[in-house]
Amino acid sequence: MLTDETIRKIAEEERNTAGLSKLPDGFFDEVRAYVEKKEKMARDESEKWAFDAVKRRLKTIFERRERKMLNSAHGFIESGVVPEHMSDEERKFFERVVECINEFQKMREGRMEKKDENLVLVTLLDGVPKFVGMNMKAYGPFSKGDIATIPAPNADLLVKKGLAEKIEMTDY
């Protein structure tokens, strides 16, 4: 059965350990029932204050555990070591966090690997002011005779306007 003292001990253990502390079986269900019971019993100011203190302590426990799981997610991705003492609800949360981190890392790596799509080497036949290319990067300004690598759609436009010529690369 959950008591104020049990909650205090769990909060202290969460604060003093790097990993997740072991919670009693059914802890989260017990918390729900305990809070409902305490809330009904809080009649005067001192009881309400004590109830608020318990709620703050529980919130601290939950937040610390969440932070520990978030921090452990990166370690899990690198080493495969699953944190101990997670409840079923926490395990689901942890798995979703790991999934989100994996997805984000894949997206980030894809962006890093993705070369500027279809760049073309051109020589400038006239001065061209600074412009934003199709890939949202800035290019220029260019002077007559400059050689530049720019996205194909921009190169085609400069060639069409007579401001540049494509340089064909040949293998030797």
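For segment 78-123, filtered to residues that are closer than 30 Å to residue 31 by Cβ and surrounded by fewer than 13 Cβ atoms within 10 Å (Cβ to Cβ), the residue that is modelled with the lowest pLDDT is 81. The single condition among (1) modelled with pLDDT under 90; (2) assigned to a loop (DSSP other than H, G, I, E, B) that residue 162 does not meet is (1). Within the option set 167, 147, being of a type in the set (A, V, I, L, M, F, W, C) and surrounded by 13 or more Cβ atoms within 10 Å (Cβ to Cβ) holds for one residue only, 167.
From the residues in segment 27-74 that are without any contact (Cβ under 8 Å) to a residue 12 or more places away in the chain and within 31 Å of the chain's Cα centre (by Cα), which one is surrounded by the most Cβ atoms within 10 Å (Cβ to Cβ)? Only one residue fits best here, namely 62.
Set side by side, the residues 17, 60 differ, and just one is among the hydroxyl-bearing types (Ser, Thr, Tyr) and farther than 29 Å from residue 104 by Cα, which is 17.
The values are calculated or read from the model by the stated rules, or taken from the named source; none is laboratory data. Because the structure is predicted, anything quoted here is derived from the model rather than measured. Cβ atoms come from the backbone with ideal geometry, glycine included; neighbour counts cover every protein chain shown.
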